[in-house]
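Visitor: Submitted below is the structure of interest, expressed as structure tokens.
Bear in mind that the values in this text are calculations on the coordinates, not laboratory data. None of these values were measured; they are calculated from a predicted model. Don't worry about glycine lacking a Cβ; one is built from the backbone with ideal geometry, like all the others, and counts go over all protein chains shown.
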């Protein structure tokens, strides 16, 4: 299985996990509404997943492959900064094998 397929598979699994816990999920894969671009430091970044629960809780998730981990370091920094500057928002990175 290719890395993109592994990424998509893990993205779908993670999105489904949040959905099963009662979150409204936006994910950058077919079958889900696409997450919005988030503005940080004058740049726009789109996370793999944003999961909402109620009016306050928001989880931002980025799925990385071994190949993308170093390359996407700046994107993760921006998403982490976005989460820290918004109440009730957390950021996490999940890596694939």
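Visitor: Measure off 7 Å from each Cα along the Cα-to-Cβ vector at residue 29 and residue 5, then give the distance between these two points in nanometres to one decimal.
Guide: In this crude label model, residue 29 to residue 5 measures out at 1.4 nm.
Visitor: Taking the DSSP beta bridges in the chain as the whole, what percent of them are antiparallel, to the nearest 5?
Guide: Numbers: 12 of 20 bridges.
Expressed as a percentage, antiparallel bridges in the chain total about 60.
Visitor: Oh, and also: Using helices alone, what [θ] at 222 nm do you get for the chain, with -39,500 (n - 2.57) per DSSP H run of 4 or more residues, divided over all residues and rounded to the nearest 500?
Guide: Numbers: 3 runs with 36 residues, N = 97.
Value at 222 nm, helices only, nearest 500: -11500 deg cm²/dmol.
Visitor: Separate question: For residue 93 and residue 19 in one chain, what is 0.36 nm times their gap in residues minus the Cα-Cα distance, to one decimal in nm?
Guide: Values: separation 74, 0.36 × 74 = 26.64 nm, distance 1.78 nm.
Gain on extension, residue 93 to residue 19, equals 24.9 nm.
Visitor: Where q = 0.10, 0.14, 0.17, 0.24 Å⁻¹, what log10 of I(q)/I(0) comes from the Debye formula for the chain, counting one point per Cα?
Guide: Listed by q, the Debye log ratios stand at -0.25, -0.49, -0.72, -1.37.
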